[in-house]
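What follows is one structure encoded as structure tokens, with my remarks underneath.
Every number here is computed from the coordinates shown, using simple stated rules; none is lab data. Given the structure is predicted, the values throughout are model-derived calculations rather than measurements. As a convention, Cβ positions derive from the backbone with ideal geometry for all residues, glycine included, and neighbour counts pool all protein chains shown.
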Amino acid sequence: MQLRELHRARNQCLNLGAVEIRKRVQRDIARGLAGFAAGKNGAIVRAMSPTRADCEALDREDALAHFRDRFALPEGVVYLDGNSLGPLPKAAPVRVAEVVQDEWGHDLIRSWNTHDWIGMSARVGDKIGRLIGAGPDETIAADSTSINLYKALSAALALRPERRTILSERGNFPTDLYMAQGLVAQLGNGYRLALVAPDAVANAIDCDTAAVLLTHVHYVTGRVHDMAAVTAAAHAKGALTIWDLCHTAGAMPVDLNAARADFAVGCGYKWLNGGPGAPAFLYVAKRHQGAARPALSGWLGHADPFAFAQDYAPAPGIGRFVVGTPPILSLAALEVGVDLMLEASLPALYDKAMRQFDLFRSLMDKRLAGRGFALVSVAGPGGRGSEIGYAHEEGWPIMRALIARGIIGDFRAPNVLRFGIAPLYQRYTEIWDAVEGLRAIMDERLWDRAEYRARPIVT
Ligand SMILES: Cc1ncc(COP(=O)(O)O)c(C=O)c1O
């Protein structure tokens, strides 16, 4: 069977309801085979040698292909870094210009009411909530992920006052660990951050664990934690969970309510395509909202901000986690990205991402064998996110040479070339072109130039 026939068969699957697709995706993950590569299809993909013509056919038959035109992607660029900064939705500058000119420029301060600026954190938060399995009034769009981590961690510790441990995994994203370190230093009084290997987290939860802090999809390996299982293990010991969804929200289906997750945070500028420095989000399960008292008790989280009372009284629901005046222009841009994401079906997107992952991997195995690349992404049981990483001892200059060629991925220390696969706009031919670009760079030793050794601040 040809690759395109397999793809057609998979597309039939896309005509199924979202619930059925999700079931299939979950079943595939459980089998450790994932999406397109499931069962004998996977063996065929790995055994065969896809050509560029196969990839063109896959693009023609891609049920999600029309979304690409909604983005302003520059000509001649293969963008594989939407897991760091999502590209510009074409509607974003239009919407931001409207907010600037009509709302700010004309309606001025009246816009807080007439254009519901005051409700934007909640409105955009609720929309994000639909992508992560949150119910209404459980999510706000606000602040940065780091700040939201602080809010969630401090609230969780306060809900378990007799406990002293925040439990996380070694290799977690630095800001998660740094925010926890800062908080325990601030609190003193025996608070500590305990780190264990990723697989050891569930067993390490004990009666002193107040909060389990994990990144659902790991930022380098794409490894996925079993949210429901870890949350259940935490709850069995009386602990709470805080999930970092930076590499999950907009990249793969997740169901916070079904998993009974307690808190979650995540980025707006990655998979949600909200723009550089877009507001992040914070989810607090409804059942905790009444008891969780925010450590950052700002005036806009007050029950009645415009009463200008001297004493803080938290707003009744998730609104208490809003701190100060929200960045309206950034929220407007983020809302465009989130609306676009809501038009697509996340299980269908994830299904395509997994097929593109397998295509990438298959091409790397066949066309770059023996050039020193080692897959660091998890491809087996436990699932994987929407990104693929390869370690190489010359990873940094290779990525610089690739970017100079218009193929944009990124580099994660110490030696990983990381590629985000964003099925909302990614073409199969781009996967082909990226791997071929890499092949040329290796075969012609293009990476070995002094100019590619220099390191700017952002990698
Ligand atoms: C897992 C994870 N958490 C948090 C962040 C960043 O947080 P912030 O938006 O506060 O810089 C990132 C950014 O790459 C991330 O990958």
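Over the stretch 116-343, calculate the relative contact order: mean separation of alpha carbon pairs under 8 Å at least 6 apart, over the residue count, as a percent.
25
Using alpha carbons only, how many degrees (0 to 90, rounded to 10) separate the axis of helix 346-367 from the longest principal axis of the chain?
Helix 346-367 sits at roughly 40 degrees to that axis.
Compute the distance in nm between two label points, each set 7 Å from the Cα along the Cα-to-Cβ direction, one at Lys90 and one at Asp443.
It is 3.6 nm.
Calculate how steeply helix 395-404 sits against the longest principal axis of the alpha-carbon atoms of the chain, using the helix alpha-carbon long axis, and give the answer as 0 to 90 degrees to the nearest 10.
Roughly 80 degrees between the two axes.
Is any residue of the stretch 157-183 close enough, with backbone N under 16 Å, to a label point placed 7 angstrom from the Cα of Ala413 along the Cα-Cβ axis, and if so, which?
171-178
Suppose we keep just the DSSP beta bridges with both residues in the chain; what percent of those would be antiparallel, to 5?
Roughly 50 percent of the DSSP beta bridges within the chain come out antiparallel.
Would you work out the charge dipole size for the chain about its Cα centre, treating the Cβ of every Lys and Arg as +1 and the Cβ of every Asp and Glu as -1, and quote it to the nearest 20 debye?
That gives the chain a dipole magnitude of about 1060 debye.
Suppose R0 equals 51 Å; then what is the FRET efficiency for Ala369 and His235 from their Cβ-Cβ distance, rounded to the nearest 0.05?
0.65
State the extension gain, in nm to one decimal, for the chain segment bounded by Asp116 and Gln101, taking 0.36 nm per residue of separation less the distance between their alpha-carbons.
3.8 nm
Just order 390-402, 177-189 by mean Cβ neighbour count inside 10 Å, highest at the front, would you?
So the peptides 390-402, 177-189, ranked by packing, come out 390-402, 177-189.
As an exercise, find the ratio Rg/Rh for the chain from alpha-carbon atoms, using the Kirkwood inverse-distance average for Rh.
0.98
Treating only the Cβ atoms of Lys and Arg (+1) and Asp and Glu (-1) as charged, compute the dipole magnitude of the stretch 116-343 about its Cα centre; round to the nearest 20 debye.
I would put it at about 400 debye.
If you average the C-alpha positions of the stretch 220-297 and of the stretch 335-405 separately, how far apart do those two centres end up, in angstrom?
23
Could you tell me how many degrees, from 0 to 90 and to the nearest 10, lie between the Cα long axis of helix 328-343 and the main elongation axis, the longest principal axis, of the Cα atoms of the chain?
Relative to the chain, helix 328-343 is tipped by roughly 50 degrees.
Which of rounded, prolate or oblate describes the stretch 183-309 when judged by the alpha-carbon gyration tensor and an a/c cut-off of 1.5?
Oblate shape, in that a/c is at least 1.5 and b/c is the bigger or equal ratio.
Divide by every residue of the chain the summed helix terms, -39500 (n - 2.57) for each DSSP H run of at least 4, and state the resulting mean residue ellipticity at 222 nm, rounded to the nearest 500 deg cm²/dmol.
-12000 deg cm²/dmol
Loop-only check: which GluC sites (Glu not before Pro) in the stretch 79-171 are DSSP coil with at most 10 other Cβ within 10 angstrom?
Of the GluC sites (Glu not before Pro), the ones in loops of the stretch 79-171 whose Cβ has at most 10 other Cβ atoms within 10 Å are Glu162.
Quick one: if you stick a label point 7 Å off each Cα along the C-beta vector at Ser49 and Leu329, how many nm between them?
Label at Ser49, label at Leu329, 5.3 nm between them.
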